[in-house]
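Below is one structure, written out as structure tokens; comments come after it.
The values are calculated or read from the model by the stated rules, or taken from the named source; none is laboratory data. Note that this is a predicted model, so its numbers are computed, not measured. So basically every Cβ, Gly included, is an ideal-geometry build from the backbone, and we count neighbours across all protein chains shown. Note: accessible area is taken over every heavy atom of the protein model, side chains too, but ligands, DNA and RNA are not part of it. Shrake-Rupley method; radii C 1.70, N 1.55, O 1.52, S 1.80 Å.
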Amino acid sequence: IIYVAAVSADGVARAQEEIEALLRQRHRIAEGQPSDFMMRSQEEIASRAAQSSRTMSLLLGSVAAISLLVGGIGIMNIMLVSVTERTREIGVRLAVGAKARHILLQFLLEAVILSVVGGGLGVLLGFAASRVISKFAGWPTIVGLGSVGLAFGFAALVGVFFGFYPARRASRLDPIEALRYE
């Protein structure tokens, strides 16, 4: 391994060419034959590190998106079961004068609370995992408040998005049919 420093950023390419020519001459490599050595510049190493970082970010983003989708589907299923089990209660509320928007808001709020509690548990697990990684692997980890806020925001959005259909379904129940439901 040989480390070389160029005087200026403009001279890096020229220095690489001169060093490569000298090494090929000293190693007696004929013209057109592959070199028996490798040369890398700091820019090339930084470029590969940035590419690896982008790939990891894409991979982690994909895992997070799939997790949000699965969590959202779980919330929607739980809320649909809740609407089905509480059909009579919804019918009574509608029969005594509750507006459809009140029922909608009630179930949307339940979905948001469910998703924010799940998001809170996820943040706690993430914080604990970062502590464990710091302790046992020796890697410094930082949990930023911005990322925690972003996690809670996405959890609330997932609750609203996936809770809207069950809430809308509950708010559109016919009070008479809902009261007859067993």
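Axis of helix 145-171 versus longest Cα principal axis of the chain: the two differ by about 40°, to the nearest ten degrees. Peptides 51-59, 28-36, 13-21, 167-175 ranked from most to least packed, by the mean per-residue count of other Cβ atoms within 10 Å: 167-175, 13-21, 51-59, 28-36.
Derived scalar couplings between HN and Hα for region 88-98 equal 5, 4, 4, x, 4, 4, 5, 5, 8, x, 5 Hz in order, rounded to whole Hz, by the Karplus curve 6.51 cos²θ - 1.76 cosθ + 1.60 (θ = phi - 60°), x for Gly and Pro. Extension gain, MET38-SER57: 0.36 nm per intervening residue step, less the Cα-Cα distance, totals 3.9 nm. Counting only protein heavy atoms and a probe of 1.4 Å, the accessible surface of the chain is 66% carbon and sulfur.
Based on every Cα atom in region 1-92, Rg and the maximum pairwise Cα distance Dmax equal 29.7, 93 Å. Solvent-accessible surface of region 46-182, taken per residue with a 1.4 Å probe and all protein chains present: 68 Å². The long axis of helix 100-136 is offset from the longest Cα principal axis of the chain by roughly 30 degrees. Packing, as the average of other Cβ atoms within 10 Å across residues, places the peptides 64-75, 106-117 in the order 106-117, 64-75, highest first. Using 0.36 nm per residue and subtracting the Cα-Cα separation, the extra length available between HIS27 and ARG48 on full extension is 4.7 nm.
Are there trypsin sites (Lys or Arg not before Pro) in region 56-135 that DSSP marks as loop and that have at most 15 other Cβ atoms within 10 Å, and which are they? Intermediate results must be reported in sequence, preceding the final value.
Working: sites: ARG86, ARG88, ARG93, LYS99, ARG101, ARG131, LYS135; in loops: ARG86, LYS99.
The qualifying sites are LYS99.
Dipole orientation for region 113-182: of the candidates GLY144, LEU121, LEU179, GLY144 has the Cα lying most toward the positive pole (charges on Cβ; Lys, Arg +1; Asp, Glu -1). The Cα center of region 107-163 and the Cα center of region 7-27 differ in position by 51 Å.
Taking only Cα atoms of the chain, what ratio of Rg to Rh do you get with Rh as the Kirkwood inverse-distance radius?
Values: Rg = 30.1 Å, Rh = 22.0 Å.
So for the chain, dividing Rg by the Kirkwood Rh gives 1.37.
Rounded to the nearest whole Hz, the Karplus-based 3J(HN,Hα) values (6.51 cos²θ - 1.76 cosθ + 1.60, θ = phi - 60°) of region 29-44 follow the sequence 9, 6, 4, x, 8, x, 6, 9, 9, 10, 10, 9, 9, 4, 5, 5, with x at glycine and proline. Extension gain, VAL70 to ARG101: 0.36 nm times the residue separation minus the Cα-Cα distance gives 8.4 nm.
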